[in-house]
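Data first, discussion second: the structure below is written as structure tokens.
The values are calculated or read from the model by the stated rules, or taken from the named source; none is laboratory data. Quick caveat: nothing in here was measured; it's all calculated off a predicted structure. Note that we place each Cβ from the backbone using ideal geometry, even for glycine, and neighbour counts take in every protein chain shown.
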Amino acid sequence: MADRRTIAAYDLRIGDYVRLTKRTRPHATLMHFIACLPSNGFVLDLGCGPANASAVMREHGLRVDAVDASAEMVQLANATHDISARQATFDELDAVDAYDGVWANFSLLHASPADFPRHLKALHRALVPDGVFHIGMKLGGGEARDRLDRYYAYYSQDELSDHLEHAGFRIDRIVTGEDPGLAGDVEPWIAMTSTATSACP
């Protein structure tokens, strides 16, 4: 179930989030993801925010379904990029064999540990066979709210690997780093690129 307090926190801080995520060039993890996809591939940007990544993917010839739980983010995304972003939560994902790729960059970290496995399985179903899945998460353990009242679930690299493998993904690439977040804290993160291989258990 979507955490309404987290969505409200993003709605209230649109400007700050835009400044934080603005880049002069696309992140290397995004360019790697794009390179893994077929020409004119169809991609789900899950938790698109202001849709900056969606716009880059579109520039590289991909078709993008940009979704976010925040109505304010969706409005900003469409005003900035005219990209037909739509409002939707993780629970509303019901597509089957629809996407060549899913870009879930620091969005699923707001899902509870109880819901996380079923969201991964839903994403596996939404991907075509051998579809590409990118997930970005913060590293750590447990659950917490930050100073902006956003809910987070933290995982170790091994825990995330186990979750992906149990959902039917083969992990192909792992990148880690540290960056400041919207709340101002520098936190470690992990980005995994994987392939939807076996039938989802």
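What is the residue count in region 38-59 for residues that are farther than 15 Å from SER107 by Cβ and either among the small types (Gly, Ala, Ser) or assigned to a loop (DSSP other than H, G, I, E, B) (or both)?
Adding up the residues that qualify gives 5.
For region 42-66: of the residues being surrounded by fewer than 22 Cβ atoms within 10 Å (Cβ to Cβ) and touching a Ser or Thr at 6+ places or on another chain (Cβ under 7 Å), which is modelled with the highest pLDDT?
GLY61
If you go through region 119-135, how many residues are assigned to a strand (DSSP E or B) and surrounded by fewer than 21 Cβ atoms within 10 Å (Cβ to Cβ)? If you could, list the steps in order and put the result at the bottom.
Keep residues of region 119-135 that are assigned to a strand (DSSP E or B), which gives 127-135.
Those still in the list that are surrounded by fewer than 21 Cβ atoms within 10 Å (Cβ to Cβ) too: 128-130.
Matching residues across region 119-135 total 3.
Cβ-Cβ distance below 6 Å, separation of 6 or more or different chains: which pairs start in region 33-56 with a residue that is among the polar types (S, T, N, Q) and end on one that is in a strand (DSSP E or B)?
Once the first residue is among the polar types (S, T, N, Q) and sits in region 33-56, its partners that are in a strand (DSSP E or B) give SER54/ASP45; SER54/VAL64; SER54/ALA66.
I'd like the residue in region 67-77 that is buried (at least 20 other Cβ atoms within 10 Å of the Cβ) and in contact (Cβ under 8 Å) with a residue 40 or more places away in the chain and, out of all such residues, is nearest to the chain's Cα centre (by Cα). Explain how you work it out, then say what you get.
Of all residues in region 67-77, those buried (at least 20 other Cβ atoms within 10 Å of the Cβ) come to 67-70, 73-74, 76-77.
Applying the additional criterion that residues be in contact (Cβ under 8 Å) with a residue 40 or more places away in the chain yields 69-70, 73, 76.
Numbers: ALA69: 12, SER70: 14, MET73: 14, LEU76: 18 Å.
Among those residues, the one meeting the criterion is ALA69.
Yes/no matrix, rows are residues, columns are (1) closer than 28 Å to ARG125 by Cα; (2) charged (D, E, K, R); (3) modelled with pLDDT of 95 or more:
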site	(1), (2), (3)
ASP149	no, yes, no
SER156	yes, no, yes
LEU160	yes, no, yes
ARG170	yes, yes, yes
GLU178	no, yes, no
VAL186	no, no, no
ALA199	yes, no, no
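So MET73 clears everything in (1) touching a Gly at 6+ places or on another chain (Cβ under 9 Å); (2) at positive phi except one condition, right? Which one?
Only one criterion is unmet by MET73, namely (2).
Determine whether GLY101 is closer than 25 Å to GLY177 by Cα and touching a Cys at 6+ places or on another chain (Cβ under 9 Å). I'd like the intermediate steps shown before the answer.
Working: closer than 25 Å to GLY177 by Cα: yes; touching a Cys at 6+ places or on another chain (Cβ under 9 Å): yes.
Spelling it out, GLY101 is indeed closer than 25 Å to GLY177 by Cα and touching a Cys at 6+ places or on another chain (Cβ under 9 Å).
Among the residues of region 137-171, what is the count of those that are closer than 17 Å to GLU187 by Cβ and either surrounded by fewer than 17 Cβ atoms within 10 Å (Cβ to Cβ) or not hydrophobic (A, V, I, L, M, F, W, C) (or both)?
The number of residues fulfilling the criteria is 18.
Considering only region 79-103, how many residues are touching a Gly at 6+ places or on another chain (Cβ under 7 Å) and in contact (Cβ under 8 Å) with a residue 60 or more places away in the chain?
Going through region 79-103 one residue at a time, the tally reaches 2.
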